[in-house]
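The block underneath contains the structure these notes are about, expressed in structure tokens.
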Amino acid sequence: MAVSFSIRDLFGNAALTVSGHLRRAPDPACESALRAAFAELDAELAEILGDRTQPGLLGTAARP
């Protein structure tokens, strides 16, 4: 069985791998833990910030 490869493809794949386009799938346990942590952070931020849909809370000052 002959194995052939292209230097051009080899360098192309190396560049994509370094830039992150062909990285391996993350460890499922690590990904799950990170998703849970960000979900908790998101919920805490939502509680801290409260309702931002009221007029004047998005940087627009109330005009007299």
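The values are calculated or read from the model by the stated rules, or taken from the named source; none is laboratory data. All values derive from a computational prediction rather than experimental measurement. Heads up, the Cβs are rebuilt from the backbone with ideal geometry, glycines too, and the neighbour counts pull from every protein chain shown.
Here are some notes:
- Scanning segment 28-45 for residues that are exposed (fewer than 10 other Cβ atoms within 10 Å of the Cβ) and more than 15 Å from the chain's Cα centre (by Cα) gives P28, A29, L45.
- With respect to the stated conditions, L34 is part of a helix (DSSP H, G or I) and at pLDDT 80 or above.
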